[in-house]
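I have placed the structure first, in the form of structure tokens, so that the comments after it can refer back to it.
A short reminder: the numbers here are calculations on the coordinates, not readings from a lab. Keep in mind the model is a prediction, meaning the values are calculated, not measured. Here the Cβ positions follow ideal geometry from the backbone for every residue, glycine too, while neighbour counts run over all protein chains shown.
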Amino acid sequence: MTRHASERRSRTRPLLVAVGAAAAVLSWCGTATAHVVPEPQSVRSGTVATFHLAVPNERPEVMNGFEVMVPAGFRIDEARPAAGWTARVDGSTATWGGGRLTHLAIETFLLEVEVNADPGVATLETRQLYPSGAQVTWPAGFTVLPGANPPAGATSRDVMPALAVAGVVGLAVALGVALLARGRRPSSSEGA
């Protein structure tokens, strides 16, 4: 084996290991995200938002109902019927029924809510319903952002901690990229 072939193999092996690891992680992520996913992932306080809830049926049994419970600080304005489904609202719960979601199929349900919650992480509690009585629950998390008009008494000082964290993370990323780039430069003895 020539010196160049040996060097090429020693450079290729770590790349192949990295690609294999990335493929394994991505394949795991695909199964890890198989739950109720709300879109958008962030909403502003003081607004009305429409969530598109992508609901997969992972059970071999047909799903025939779906419920969403909103937390405090949210009010359901409307649960829109999906094709073949009826929708109703009872207080803080929206329910869809009458439809059929087969195994491995996905249905998107639309939920319009008034957002009056404080900024932070919020969760819609969701429940898939089955004719056998089985239920599958999923938390559907998202972020509530400050509204366009900050509440009375709020100042720019209130957002400073978040900006400081973002700045530190940005600097760390920039430093990491610079160090990686510096480490990849060929030495003066290479190429000669």
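Observations on the model:
- 66, 109 arranged by Cβ crowding within 10 Å, fewest neighbours leading: 109, 66
- log₁₀ of I(q)/I(0) at q = 0.12, 0.17, 0.25 Å⁻¹ - the range 48-141, Debye sum with one point per alpha carbon: -0.35, -0.69, -1.36
- Peptides ranked, highest mean first, by Cβ atoms within 10 Å: ranges 76-83, 43-50: 43-50, 76-83
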